[in-house]
Structure formats: structure tokens, C-alpha cells
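Comments concern the structure below.
The values are calculated or read from the model by the stated rules, or taken from the named source; none is laboratory data. Here the structure is a predicted model, which means the values were calculated and not measured. We place every Cβ from the backbone using ideal geometry, glycine too, and count neighbours over all the protein chains shown.
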Amino acid sequence: MDKLKIRGGHRLQGTLEVSGAKNAALPELCAALLSAEPVTLANVPRLQDVSTMLKLIRNMGVTAEHHEDGRVTLDAGGLNNPEAPYELVKTMRASVLVLGPLLARLGRARVSLPGGCAIGARPINFHLQGLQQLGVSHQLAQGYVDAEVDNGRMHGGTVYFDIPSVTATENILMAAVLADGITTIKNAAREPEVGNLIDMLTGMGARIVGRDSDTLVVEGVKKLRPARIRILPDRIETGTYLVAVAAVGGELTLTNCDPSLLPSLFEKLRAAGVKVEEGRDTIRVARKGPLKGVDLKTMPYPGFPTDLQAQMMALMCLAQGLSMITETIFENRFMHVAELRRMGADIRVDGHSAIVNGTGSLLGAKVMATDLRASASLVVAGLAAEGVTEISRVYHLDRGYDDLVGKLTRVGASIHREAE
């Protein structure tokens, strides 16, 4: 098992390219199962979760190749295995996204209940209840979901989510595009990654109305055609690097990004005293003066992303004054608090809120990553801390950040990876 060693205090300067979005690539790899024709995805990041998903769909009879230029070419013409076994999905919650496509193409699916980061229950009941409305029956046994289309082909229906769920919205979308009739999804998630999936599906011939709204209407078609789609830039990777510059100081230009995806983060960074300039596909960030504390509450898009909450908490530890951070999406997403305290942070947790008393500095320490975004928060803290920070269990970072060490090193950070 590897660890990261970071010597803090090195300002970040230069240009850094953002990779494609993990949370768009994973559902779109699954969407390729919907067609017997070849599909090409561009700008696919090199991440452990992507490798796991490719291994999973290859096990189902799909040919898939990840090319050096970031393209992934897929051919699901040979799709013949409707099972997603525990051995392949235990580290990745997104594996449940094969459920809808398998039911649409093969009429049945056997999918292991997913694993992944321990940041909350994230049950799949929304997925199953939605699929029931399309004519799917299921049972849970021995850690698996066994699902089958009742009469050979799904039919349209109305699906309502009590809470907007990104993966449930994506699963129902993928199931509905090949169902008979009209499907309406109400209180659908509006995240940009859902929009990117809709772009892919419509490019394959699906009929979907309502992109970027909370109501999606899908008219089923008989089959889908070949397509080529580009994965949108990773807004969470983008935000992580913006917060890192805010924490340690310096001036950085991010390229291959989409500034329109992060309005809530820009608002909070500017309120904290950070300069942010938006271009068409670039963002320039600089911080030279002291940081001010700001409050934030995580919300479904376009609210503040839960996946940037931990990084912002690390930043607020370096600010002056009090900040209150409220988590409304996942019930167990403050596990990084204990590790930040080891670095000298003054944080008090009260239910779903964390009150941060910013002291303006942190001290390097040995800390342990507990999940993907908590890992990123410790990197942010380590970049700004006095002395050396050692972060263990960094395999979490491999799941969501493409070449994080290389990118940060090239813009001035003192960070390297070594065996534990």
C-alpha cells in the first residue's frame, strides 16, 4: 500500500490540464451496453474506477480498449453475461449503473450490491422502485439484486424520486430509452454529468426531452446507433485544484475545463478572498492575501457540491474566523475531521454541521485517508501545512484523480508517492 509525502508551503504556479469527469465516464461506459453497435468515448480519465468498470463490462462480453489519447472504444455486440459479480464491484458504487442497460438489452440482470467509499448508506431503493414502474420485478438475495423484465420488454411509466439521485436518474434513463412508450422522470437530478449522459444517449438516437431540468421525458426507441461522445471536464478535480491554490497561495491557470459548472464554488472562493477569473475553457485562480471564513451548505446541483465539501473544510482551517459547513447529501461525510484535527485544526461537529475555527495555519502530521474526497482534503491541507504530511491509504485518490501527483509536481508542489 502506498502513501503520499507532502512538504508544505510551496506555492502553486503555472498551467494545469483538467481530465475528463469520473462521474460522467462511468455511466457512459455503462450506456455503451445499450447498443449492439460500436461506441467511442473521448477524454476518458485514467482512474482505478474506470479500469474496474472496463473489467466489469468486458466480463459481460463487451470488447473495450482504453487508448493512449484518452479514447475508449467499445463494442457491446457480444453482450451475453447479465451478471456483475461481487469480486468486480466491491470497490465501486457506480457498478449499479449496469442494471438499467442490462435489463434493456438482455431482459435480466444479476448485480451485486455495490461497495465503495464509506460516506453514507446510498441505498439503491430509488433504482429498484423506478425500474418497477417500467415493468421490472426483482428480489434481493445473498448480496445480489436479481431483476427481470416481466413480459420480455420494459414499458414506459412515471418515476418520481423523493430526493434527486444522480445514479438512479441515470439508471432509469438508460433503461427507458429502449422501453415501449413514454417514461417521465420527475424530481430528476440535474447534475452536469446527467446532461452529458443525455447528450450521449441522444447522439445514439434516443429521444429525451428536458435536459438540465428536474423533469425528463423519454420516448423509447427500438434500437440505438453508433456514436462518439466527449466526456465533459471533471468539475470536482477542477474545484480541488482551485481550492489547493487558495490554500497554499500562488497563481494557476486550469485548462480543458468548463467554468460554467462551478458557480457555487466561485462564489465561496471569492467571498474568502480568492481571485477567480473565468475564460471560455480556462480558469485562472490566485491568492496572495489572507483568507476569510465563509459558511456553506452542500446541495444538489446547482448548489454547492458535496464532493468539494471536505476540500473546502481544509481551506477554512487556514482562514481567519469561524465557518460553518453543513452537509445535507450524505450522513457520514465528516470522517476527514479527525484527520484534520491531527494537523492542528479546530473543528467541532454538531449533527450535520461542522463549525471550523480557522487559525490560519496547519501542521504536517501522519494522517489516513478514509474516502476519495477526504483524501483530497488531506492533500489540500498538506500542501499548505508547515512541515511534512504523510497520507496513507491513498488508493482512494487513484479512484478519482488522474495523475494527481504528477500534475501537482509540475506546478511546484513538493509531493511524492512511496511504498508504505
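Table: residues versus (1) surrounded by 17 or more Cβ atoms within 10 Å (Cβ to Cβ); (2) among the β-branched types (V, I, T); (3) on the phi < 0 side of the Ramachandran plot.
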| position | (1), (2), (3) |
| --- | --- |
| D49 | yes, no, yes |
| V72 | yes, yes, yes |
| G78 | no, no, yes |
| K90 | no, no, yes |
| V98 | yes, yes, yes |
| G107 | yes, no, no |
| V111 | yes, yes, yes |
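Restricting to region 75-92, name every residue that is under 16 Å from A104 (Cβ atoms) and within 22 Å of the chain's Cα centre (by Cα). Correct list: A84 only. Here region 280-301 is the region considered, the condition is being touching a residue at least 40 places away in the same chain (Cβ under 8 Å) and small (G, A, S), and the residue that is farthest from R11 (Cα to Cα) is G293.
Evaluate the following for A206: is it assigned by TED's automatic domain parsing to the domain that holds Y86, buried (at least 22 other Cβ atoms within 10 Å of the Cβ) and touching a Ser or Thr at 6+ places or on another chain (Cβ under 7 Å)? No, not satisfied. Considering only residues in region 352-397 that are under 24 Å from T298 (Cβ atoms) and charged (D, E, K, R), the one that is nearest to the chain's Cα centre (by Cα) turns out to be R373.
How many residues does region 145-178 contain that are buried (at least 24 other Cβ atoms within 10 Å of the Cβ) and either touching a strand residue (DSSP E or B) at 6+ places or on another chain (Cβ under 7 Å) or not assigned by TED's automatic domain parsing to the domain that holds R108 (or both)? Total satisfying the criteria: 8. Keeping to region 224-263, report how many residues are of a type in the set (S, T, Y) and in contact with a helix residue (DSSP H, G or I) (Cβ under 6 Å, 6 or more places away or on another chain). Number of matching residues: 1. Looking only at region 270-313, residues that are in a loop (DSSP other than H, G, I, E, B) and in contact with an Asp or Glu (Cβ under 6 Å, 6 or more places away or on another chain) come to 1 in all.
Those strands (runs of 3 or more DSSP E) of region 343-382 in which 3 or more residues are buried (at least 18 other Cβ atoms within 10 Å of the Cβ) occupy 353-359.
Filter region 214-262 down to the residues that are in contact with a Pro (Cβ under 9 Å, 6 or more places away or on another chain) and part of a helix (DSSP H, G or I), then identify the one that is surrounded by the fewest Cβ atoms within 10 Å (Cβ to Cβ). By that ranking, first place goes to S260.
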